[in-house]
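The values are calculated or read from the model by the stated rules, or taken from the named source; none is laboratory data. Quantities reported herein were computed from a predicted structural model and do not represent experimental measurements. Heads up, the Cβs are rebuilt from the backbone with ideal geometry, glycines too, and the neighbour counts pull from every protein chain shown.
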């Protein structure tokens, strides 16, 4: 093992010396063939290739080192299939031949999707070397397991004023097509990163602001922006339905973008198509349930410990049984082990929200959390199992005992308190329904004077009422204008034989204002006798 490591180190020094003598075009061809970024100046290109060389030596990947050395000594050209480099010594050729190889399998599928297919590891979907190796290392998501890159990494230069269209070819070998046809969880997603990212650094998914993607002439409708001012909330674009799943079919991905050069920044973007395995929300919920729980004893112990301080008077608290995201009753209570609160949220609702916008923050305390830290709270799970579905809250005592808070307690308490005070709320409702609003209709001006009209007509207008006063309902008039004991009721009747034209105009009503108009103004020849209006004292 020591001799093999020393041999790789000696090869690495020779290859590094050769890299420093290459020109820019040769360096770019090597970067393009090895899946490295091709942008930048000569020193940046050399550094990328040398860093990649060091990673191969540390991993002991002799086959990948063999291919890189061939490219370095042949102007970036890849080695022929099954060929050996003309510059290699017999001992080195034997060492390369002794390296473990993984023939391409056409009929079998690995039993488990591993994480080693991405991030610099050289194992493809079928067990052989992957089709492409990308230097981009995107942040992990529990919804996707990245298998390998299906295309080269597309370097998108900066454009400030006009649109630019680039083409990214994608061909699927026969075994990959078979796996995509038989396994619906395998998806082809477009990932994009902004900036010249150092190798090994985890990056967020970031697409250009103005972007249009077409596959086979069909536009891909996807959200390429994510949430505003929320880095990491952008999702990869699924293009599985646009790819022709036929062996070696030349799929063309047309990428049109613009305005990547702004006044304050220049953004370089890198696009790649990755093969991933998608995990459903139900699968992730089962993974949380099987992984581990927060035991009831631990929750009670934490509560008692928090309330054991003698200087602090502990009181009961209210815990909601509704999910803070969907506002429905919690089905599977989970929370992060890094959070200090006991309030839980529903597993399915939270994961559905993260699938749409992956912020990964606690909906209760807004702290950043990780999927690996989510666990089922057995204390809250027992409360949910022993309460009715109509109970939305429980009262938690300092000693961790709990009691349900009814949904209608406040209403029932208010009603019972009203009855205890001698006030029936039902009677109030009935009395309110008996009240009828009466509007005062306009009545014509009628002259009131004594006459020999029969007394039955006198009931039309109550006594001591102006001709402008509207009629009053019988019940009200009987109580307000009825004759007092010992007094004789005066009878006033309405003369219906007179005409309104014979009467003087009706006087204007007097309003309680500081300055009021006089009841009449003497006129002379149709005009006021004086411009001075007297004030009423």
query = Quick one: would you say residue 285 is modelled with pLDDT of 90 or more and either in the same structural domain as residue 158 (by TED's automatic domain parsing) or under 25 Å from residue 137 (Cα atoms) (or both)?
reply = no
query = Which residues, taken from the stretch 340-355, are buried (at least 22 other Cβ atoms within 10 Å of the Cβ) and without any contact (Cβ under 8 Å) to a residue 60 or more places away in the chain?
reply = 344, 345, 346, 350
query = Is it true that some residue in the stretch 59-80 is at pLDDT below 75, outside the structural domain of residue 155 (by TED's automatic domain parsing) and on the phi < 0 side of the Ramachandran plot?
reply = yes
query = Are there any strands (runs of 3 or more DSSP E) wholly within the stretch 114-216 with 2 or more residues that are surrounded by 15 or more Cβ atoms within 10 Å (Cβ to Cβ) and either at pLDDT below 90 or under 30 Å from the mean Cα position of the chain (by Cα) (or both), and if so which?
reply = 144-149, 154-156, 186-194, 210-215
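To keep it simple, each residue is scored yes or no on (1) touching a strand residue (DSSP E or B) at 6+ places or on another chain (Cβ under 6 Å); (2) in contact (Cβ under 8 Å) with a residue 24 or more places away in the chain; (3) within 30 Å of residue 206 (Cα to Cα); (4) not in a helix (DSSP H, G or I).
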| position | (1), (2), (3), (4) |
| --- | --- |
| 318 | yes, yes, no, yes |
| 338 | no, yes, yes, yes |
| 366 | no, no, yes, yes |
| 379 | no, yes, no, no |
inquiry  = Let me confirm something: among 255, 285, which residue is surrounded by 15 or more Cβ atoms within 10 Å (Cβ to Cβ) and over 26 Å from residue 221 (Cα atoms)?
reply    = 285
key: Selection from the stretch 141-187 of residues that are within 21 Å of residue 352 (Cα to Cα) and touching a strand residue (DSSP E or B) at 6+ places or on another chain (Cβ under 8 Å)   = 143, 144, 145, 146, 185, 186, 187
Hits in the stretch 288-311 (condition: in contact with a helix residue (DSSP H, G or I) (Cβ under 9 Å, 6 or more places away or on another chain), more than 17 Å from residue 382 (Cβ to Cβ) and either loosely packed, with under 14 Cβ neighbours inside 10 Å or free of Cβ contacts under 8 Å to residues at least 24 places away in the same chain (or both)) = 291
So residue 168, is it touching a residue at least 60 places away in the same chain (Cβ under 8 Å) and touching a helix residue (DSSP H, G or I) at 6+ places or on another chain (Cβ under 9 Å) = no
ask   = Restricting attention to the stretch 228-246, which residues are crowded, with 16+ Cβ neighbours inside 10 Å and over 19 Å from residue 171 (Cβ atoms)?
value = 232, 233, 234, 235, 236, 237
key: Sole exception among (1) in contact with a strand residue (DSSP E or B) (Cβ under 8 Å, 6 or more places away or on another chain); (2) not in a helix (DSSP H, G or I) for residue 303, by number   = (2)
